[in-house]
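S.K.: Take this structure first; my questions come after.
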Amino acid sequence: MLLLLAITIYSCKGQKQDDMTTYYFIRHAEKDQTNPQNHDPELTEEGIARTAKWQEVFKEVPLDMVYSSKYKRAHDTAKPIADDHDLPFPSTIPKNLMTRIFRRKPKEKQFWLLVTAI
């Protein structure tokens, strides 16, 4: 089962609540596991259906950025959501993104979605 985890950062001293960034983390939808040698498989039909459900979940959620890991399954889960919000894609998660995003002090309230293959 996919887990949606919304993390809102409240720990930055001196920040107003209006300036906090909200991060949504989801795991990619179901991948094709028929070939154990394929380390970057496509989504299954079930995964495509799950992606449509994620699209529905995030349809009315404001998003400023959508990132995915480098894998097809994460990209294919994230892209329809980015498209629905007219956001540029692909935006691959840089290696040091997790460190950078939790250290930065946002200048305004933002909403980010990160789709991972972990």
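S.K.: Condition (residue is at pLDDT 90 or above, within 12 Å of THR116 (Cα to Cα) and out of contact with any Cys (no Cβ under 7 Å at 6 or more places or on another chain)) applied to the range 36-49: is it met by at least one residue?
M.R.: no
S.K.: In the range 56-71, what residues are out of contact with any strand residue (DSSP E or B) (no Cβ under 8 Å at 6 or more places or on another chain) and surrounded by 15 or more Cβ atoms within 10 Å (Cβ to Cβ)?
M.R.: The one that is out of contact with any strand residue (DSSP E or B) (no Cβ under 8 Å at 6 or more places or on another chain) and surrounded by 15 or more Cβ atoms within 10 Å (Cβ to Cβ): TYR71.
S.K.: When you look at ASP18, is it at pLDDT 80 or above and either among the acidic types (Asp, Glu) or over 26 Å from MET65 (Cβ atoms) (or both), yes or no?
M.R.: Answer is no for this residue.
S.K.: Could I ask something else about it? Kindly list the number of the only condition in (1) hydroxyl-bearing (Ser, Thr, Tyr); (2) touching a Gly at 6+ places or on another chain (Cβ under 8 Å); (3) loosely packed, with under 12 Cβ neighbours inside 10 Å that fails for THR34.
M.R.: Among (1) hydroxyl-bearing (Ser, Thr, Tyr); (2) touching a Gly at 6+ places or on another chain (Cβ under 8 Å); (3) loosely packed, with under 12 Cβ neighbours inside 10 Å, the lone unmet condition for THR34 is (2).
S.K.: So LEU97 clears everything in (1) at negative phi; (2) modelled with pLDDT of 85 or more; (3) surrounded by fewer than 17 Cβ atoms within 10 Å (Cβ to Cβ) except one condition, right? Which one?
M.R.: In the conditions (1) at negative phi; (2) modelled with pLDDT of 85 or more; (3) surrounded by fewer than 17 Cβ atoms within 10 Å (Cβ to Cβ), LEU97 misses (2) alone.
S.K.: In this structure, does LYS79 turn out to be modelled with pLDDT of 90 or more and under 11 Å from the mean Cα position of the chain (by Cα)?
M.R.: The answer is yes for LYS79.
S.K.: Can you pull out every residue in the range 37-55 that is in contact with a Lys or Arg (Cβ under 7 Å, 6 or more places away or on another chain) and surrounded by fewer than 16 Cβ atoms within 10 Å (Cβ to Cβ)?
M.R.: Of everything in the range 37-55, those that are in contact with a Lys or Arg (Cβ under 7 Å, 6 or more places away or on another chain) and surrounded by fewer than 16 Cβ atoms within 10 Å (Cβ to Cβ) turn out to be ASP40, GLU42.
The values are calculated or read from the model by the stated rules, or taken from the named source; none is laboratory data. Predicted, not measured: the structure shown is a model, and the values here were computed from it. Positions of Cβ are generated from backbone atoms using ideal geometry, with glycine treated the same way; all protein chains shown enter the neighbour counts.
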